[in-house]
1. Of all the residues that make up the range 244-302, how many are closer than 14 Å to Pro91 by Cβ, touching a Pro at 6+ places or on another chain (Cβ under 9 Å) and not in a helix (DSSP H, G or I)?
2. Could you go through the range 226-247 and let me know if any residue there is touching a His at 6+ places or on another chain (Cβ under 6 Å) and of a type outside the set (Val, Ile, Thr).
3. Checking the condition modelled with pLDDT under 95 and over 16 Å from the mean Cα position of the chain (by Cα), which residue from Thr348, Thr336 passes?
4. So Glu85 passes all but one of these: (1) touching a residue at least 24 places away in the same chain (Cβ under 8 Å); (2) within 24 Å of Gly197 (Cα to Cα). Which condition number does it fail?
5. Please enumerate the residues belonging to the range 294-333 that are crowded, with 16+ Cβ neighbours inside 10 Å and of a type in the set (Gly, Ala, Ser).
6. Within the range 202-217, which residues are touching a helix residue (DSSP H, G or I) at 6+ places or on another chain (Cβ under 8 Å) and in a strand (DSSP E or B)?
7. Among helices (runs of 4 or more DSSP H) lying entirely in the range 88-187, which contain 3 or more residues that are outside the structural domain of Leu219 (by TED's automatic domain parsing) and more than 29 Å from Phe285 (Cα to Cα)?
Amino acid sequence: MSARTIGIIGGGQLGRMLAMAAARLNHRTIILEPQADCPASQVANAQIVAAYDDPQALAELARRCDVVTYEFENVPVAAAQALAESVRVYPPPRALEVSQDRLVEKRFIRDCGIATADFAAVDDQTGLEAALDRFDGVGVLKTRRLGYDGKGQRLFRLPTESRHGAFAALGGVPLILESLVPFEREISIIAARDGEGTIACYDPAENVHRDGILHSSTLPAGIGEATADEARKAARAILDRLDYVGVIGVEFFVLPGGGLVVNEIAPRVHNSGHWTEAACVVSQFEQHIRAVAGHPLGDPRRHSDCVMQNLVGDDIDDVPDWLSRPGVLVHLYGKTEARPGRKMGHITRILA
């Protein structure tokens with residue numbers, strides 16, 4: 001196992017956990033992140049403090065690394081493409097192009113033969129009026145770019161809700177209106193693909209969101225095996241279409257009959273896969289490092305039932321209690337200030 005240097009664009013908690021996994025496999029990591037002393041830098045070997053699209057910083061990252069990956073999907077596509085001219089970049093920049101625009105993403109998923117909610121592009125208030133009329137006055141209005149954790153969205157639950165100024169209220173930027181899906185539960189699947197095309201899928205997790213932020217992921221999910229197989233099949237189709245290398249998260253709505261509708265994809269390790277560090281021999285973070293570094297993928301089988309719960313904002317105050325409980329893994333992110341809606345860490349309870 002010769003040591004490699006892995007560049008990670010982004011210095012948040014996902015980059016932190018990737019750096020920790022890389023160190024266990026004898027690899028070094030360099031973080032590119034404009035915020036000094038970011039969570040990832042606390043455990044990585046080095047940090048380049050610069051903007052994600054800084055040409056000199058990108059050139060330095062390419063020169064010092066054997067491969068570059070990223071911890072979030074809003075990395076500038078042009079930056080990833082520029083890097084790819086001189087160093088391997090995984091997942092491929094094409095995955096960023098698809099995931100950064102919700103309209104492009106929905107069309108891509110449909111092209112893979114996978115169901116999504118109905119959708120319509122919204123470029124102005126008139127377009128919004130027409131799209132709402134098409135969807136009987138209800139739907140979820142979202143910014144096409146840069147939304148996360150429920151930000152950049154507006155829900156129209158009733159046909160009688162006022163539409164006045166809704167386009168401007170979301171910034172006057174390109175939007176997408178998605179039809180409401182009558183789902184029973186939300187699940188996600190974490191899957192990985194290596195450079196040879198081998199794919200490994202973790203068990204689907206059942207997710208609960210609060211205020212647009214993931215609250216918990218429970219294993220096993222309350223679904224049948226046919227639904228789980230459909231989720232794995234969808235993930236494989238997406239990975240192969242993108243010629244993907246690394247870990248991906250795919251979120252689904254489960255319909256009353258057990259069918260699935262893809263909500264969105266995330267070309268990176270995913271919050272709903274944090275449970276894997278406690279309930280699998282090989283976590284999603286190690287799996288991603290294995291894939292991008294050219295190692296064999298690990299066994300994704302789950303050895304325990306579990307519940308992962310995010311610690312958001314003042315939830316950090318509950319850590320002493322969690323530390324006193326048996327069968328609980330506590331993982332904190334090295335953030336010094338708790339703010340409403342800010343993910344400070346997570347816990348995973350082993351159930352069996």
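The values are calculated or read from the model by the stated rules, or taken from the named source; none is laboratory data. Source: prediction; values computed, not measured. A quick note on method: Cβ atoms are made from the backbone with ideal geometry, for glycine too, and the neighbour counts reach across all protein chains shown.
1. Of the residues in that region, 8 qualify.
2. So in the range 226-247, the residues touching a His at 6+ places or on another chain (Cβ under 6 Å) come out as 246-247.
Among the residues that remain, those that are also of a type outside the set (Val, Ile, Thr) are: 246.
Among the residues of the range 226-247, at least one is touching a His at 6+ places or on another chain (Cβ under 6 Å) and of a type outside the set (Val, Ile, Thr), which makes the answer yes.
3. Values: Thr348 fails: modelled with pLDDT under 95.
Answer to the check: Thr336.
4. Evaluating Glu85 over (1) touching a residue at least 24 places away in the same chain (Cβ under 8 Å); (2) within 24 Å of Gly197 (Cα to Cα) leaves (1) as the failure.
5. Gly298
6. Restricting attention to the range 202-217, the residues satisfying the condition of being touching a helix residue (DSSP H, G or I) at 6+ places or on another chain (Cβ under 8 Å) are 202-205, 207, 214, 217.
Listed by number, the residues that qualify are Ala205, Asn207, Leu214, Ser217.
7. Values: elements: 93-99, 102-111, 125-134, 166-169.
Ranges flagged: 125-134, 166-169.
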